[in-house]
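Data first, discussion second: the structure below is written as C-alpha cells.
The values are calculated or read from the model by the stated rules, or taken from the named source; none is laboratory data. Just so it is clear, the model here is predicted, and its values are computed rather than measured. Calculation scope for accessible area: heavy atoms of the full protein, side chains included, ligands and nucleic acids excluded. Shrake-Rupley method; radii C 1.70, N 1.55, O 1.52, S 1.80 Å.
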Amino acid sequence: MKKWGLIACVAVCLSACASGAGGILPDGAVEIKENRVGGFTSSNGARYAMRTYTAPSDGFYYITVTPAGRSLSFENNGRSAGSAAAAYIRQRGCTDNLSRVSSRDVYDPSSTTWTIVISC
C-alpha cells in the first residue's frame with residue numbers, strides 16, 4: 001500500500017512541475033518562448049513576469065502573470081493582471097479583435113500567478 005501512495009505522490013509532483021508556469025493551462029499547451037518577458041512594466045507601474053502559451057485545440061492565448069516583487073494582495077487583483085496581459089500581448093501582435101475571456105481566468109495561490117485567457 002505504501003508503494004501506491006509513493007507512486008501517486010510522485011505523479012502529482014511531476015504533473016505540478018511539468019508546466020513550470022504556475023496558473024492552470026489546458027492539456028497540450030505550448031509556451032511561445034520568444035514572448036517570455038521577465039520584467040514587463042504595466043501602465044500602473046507594476047512589474048510582472050509574463051509567459052504566453054497556446055493550445056492547438058482552442059486558439060486562445062494563455063498568459064501567466066506573476067508579480068516581479070512580492071505582492072500579498074495579488075489574488076484579488078485579477079483585473080490588474082488582465083489589463084497587464086492585454087497590453088503585453090497587444091505589443092506582440094494580437095491587435096485585431098483582442099478580447100478577454102475572463103470566465104476562464106484562474107489564480108494559483110501557490111505561485112501567486114494569474115493565468116489570463118485572451119482571444120485574438
TODO: Calculate the all-directions average of the projected area of region 24-120's alpha-carbon convex hull, and give it in nm².
DONE: 5.9 nm²
- [ ] Multiply the residue gap between ALA55 and LYS33 by 0.36 nm, knock off their C-alpha separation, and tell me the result in nm, one decimal place.
- [x] 6.5 nm
Task: Probe 1.4 Å - accessible area at SER57, Å² to nearest ten - done: 110 Å²
TODO: At 0.36 nm per residue, minus the direct Cα-Cα distance, what do SER43 and ASP108 gain on full extension? Give it in nm, one decimal, please.
DONE: 21.1 nm
- [ ] Compare ASP96, ASP27, ASP58 by solvent-accessible area with a 1.4 Å probe and give them largest first, with all protein chains kept in place.
- [x] ASP27, ASP96, ASP58
Open item on the list: Sort VAL106, VAL65 by heavy-atom solvent-accessible area, probe 1.4 angstrom, most to least.
Closed with: VAL106, VAL65
